[in-house]
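Participant: Dropping the structure in here first, questions after.
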Amino acid sequence: MTAKTLCIIIPVYNEAEGLPDLLARLNAIAGRISAEFALEVGYIFIDDGSSDDSFALLKAHDFGPRPVRLLQFSRNFGKEAALSAGIDAAEYADAAVLMDADLQHPPEMIVDFVRIWLTEGADSVYAYKASRRTSEGLLKAAFARMFFWAINRDLRYEIPPGAGDFRLINHRFMTALRSLPESDRFMKGLYGWVGFRQRGLPLDPPPRTRGKSSFNPLRLVSMTLDAFTSFTTTPLRLMALAGIAIAMVSMVYGIYVVLQHFFFPSVPTGIASILALIAFFGGIQMIFLGLLGEYVGKSVLEAKKRPPYILAEDISRKGEPVADRR
Ligand code: UDP
Ligand code: MG
């Protein structure tokens, strides 16, 4: 029987500063895993259009006997696209581990992932943040909680709060992910969507030691909107409900004004309240139209059927030959 293969997939965006550390720790862990579980461990790195010398560093690195695939995007396509590229390239593997390059996902945890995958037959083993507070601001934590509460209202499957991209997925889980045609890929949602048997392990993510996070508050808000609009149509339904509620309130108010006109003709009706109402409803309509636009825009983008990423370089070392995606 040939040994099972495990492939570690790492998206890299301007991480040159931390790469040497990461590679050293990965090397130790990969050795431990191959020895303990008799697995062949390989890597796939995806350079997501870095402007520093991340890719040069990877190309120059000596990975020893491990199969390595180095992909470089033609520009920055985003982490979700990078993960998708990794999963596409990991077709040969029995399982893959997705992890960040910034050591916020401690490589040592992969050992636990692999153990649970092999002994309990889980299709995916993921890490979830046990407490957000230690690593993030209170506001961000509250925001995240609200987000997961709202997004899980509507679904037949669960997107576990605090679960990120740090996870092991087995062959059939990867096949399922690969079969999803959308080019806009909110991975945290897709993991939940595909189903299968999943196990969560608590993790307290250490703070970033080198480099800086590329997700600022604005980007988080835009990602939230993206997540909502690609996973639920609840906001559209809420819009309709709000419309009904507002219409009913206006009707009652209209009756009140008419009655007032007949019974208390001396009371002057104010222009200020009219202006306020016009402004208020104008604002509400803009918000709703904008939201509707988000959904329409998303359909337009998906209708173009563009690939989620374009490769500039594809280097394979000692790995099994993998058919190109396109
Ligand atoms: N990343 C990427 N493309 C991007 C932004 C980030 O591939 O456009 C990678 C980055 O190199 C890292 C991982 O995604 O390996 C997580 O990024 P980061 O640490 O900035 O995110 P955070 O930990 O703050 O969520
Ligand atoms: Mg990080």
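The values are calculated or read from the model by the stated rules, or taken from the named source; none is laboratory data. None of these values were measured; they are calculated from a predicted model. Methodologically, a virtual Cβ is constructed for each residue, glycine included, from the backbone with ideal geometry; neighbour enumeration extends over all protein chains shown.
Participant: Cβ-Cβ under 9 Å, sequence separation 6+ or interchain: first residue in the stretch 188-206 and farther than 15 Å from D165 by Cβ, partner among the β-branched types (V, I, T) and within 16 Å of ligand 1 (Cβ to nearest atom). Which pairs?
Facilitator: Partner pairs satisfying both residue conditions: D204/T134.
Participant: Same structure again: Taking into account only those residues within the stretch 50-109 that are on the phi > 0 side of the Ramachandran plot and small (G, A, S), which is nearest to ligand 1 (Cβ to nearest atom)?
Facilitator: Our first condition is that a residue be on the phi > 0 side of the Ramachandran plot; within the stretch 50-109, this holds for 64, 78, 103.
So of that shortlist, the ones also small (G, A, S) come out as 64, 78.
Values: G64: 22, G78: 5 Å.
Step by step, filter the stretch 50-109, then rank; the result is G78.
Participant: Let me ask something else. For the stretch 50-90, which positions are out of contact with any Asp or Glu (no Cβ under 9 Å at 6 or more places or on another chain), part of a loop (DSSP other than H, G, I, E, B) and either closer than 17 Å to L23 by Cβ or of a type outside the set (S, T, Y) (or both)?
Facilitator: Matches in the stretch 50-90: D53, H61, D62, F63, G64, P65, A90.
Participant: Please go through the stretch 75-87 and pick out each residue that is in contact (Cβ under 8 Å) with a residue 40 or more places away in the chain and out of contact with any helix residue (DSSP H, G or I) (no Cβ under 6 Å at 6 or more places or on another chain). Full working, then the answer.
Facilitator: Taking the stretch 75-87 as the starting set, the residues that turn out to be in contact (Cβ under 8 Å) with a residue 40 or more places away in the chain are 75-77, 79-87.
Selection gives R75, N76, F77, K79, A81, A82, S84, A85, G86.
Participant: Additional query: Quick check, is L218 under 30 Å from E108 (Cβ atoms), within 16 Å of ligand 1 (Cβ to nearest atom) and either under 18 Å from the mean Cα position of the chain (by Cα) or at pLDDT below 75 (or both)?
Facilitator: Details: under 30 Å from E108 (Cβ atoms): no; within 16 Å of ligand 1 (Cβ to nearest atom): yes; either under 18 Å from the mean Cα position of the chain (by Cα) or at pLDDT below 75 (or both): yes.
No, not satisfied.
Participant: Also: I'm trying to understand the selection: among the residues of the stretch 1-39, which are more than 24 Å from Q72 (Cα to Cα) and in contact with a helix residue (DSSP H, G or I) (Cβ under 9 Å, 6 or more places away or on another chain)? Break it down stepwise before answering.
Facilitator: First, pick out the residues of the stretch 1-39 that are more than 24 Å from Q72 (Cα to Cα): 1-4, 28-29, 31-39.
Of everything in the stretch 1-39, those that are more than 24 Å from Q72 (Cα to Cα) and in contact with a helix residue (DSSP H, G or I) (Cβ under 9 Å, 6 or more places away or on another chain) turn out to be A3, K4, A28, I29, R32, I33, E36, F37, L39.
Participant: Going by what's in this entry, would A93 be described as under 19 Å from L311 (Cα atoms) and either part of a helix (DSSP H, G or I) or touching a helix residue (DSSP H, G or I) at 6+ places or on another chain (Cβ under 8 Å) (or both)?
Facilitator: On the way: under 19 Å from L311 (Cα atoms): no; either part of a helix (DSSP H, G or I) or touching a helix residue (DSSP H, G or I) at 6+ places or on another chain (Cβ under 8 Å) (or both): yes.
So A93 does not fit the description; no.
Participant: So K4 clears everything in (1) buried (at least 19 other Cβ atoms within 10 Å of the Cβ); (2) touching a residue at least 40 places away in the same chain (Cβ under 8 Å); (3) away from ligand 2 (no atom under 16 Å from the Cβ) except one condition, right? Which one?
Facilitator: The failed condition is (1).
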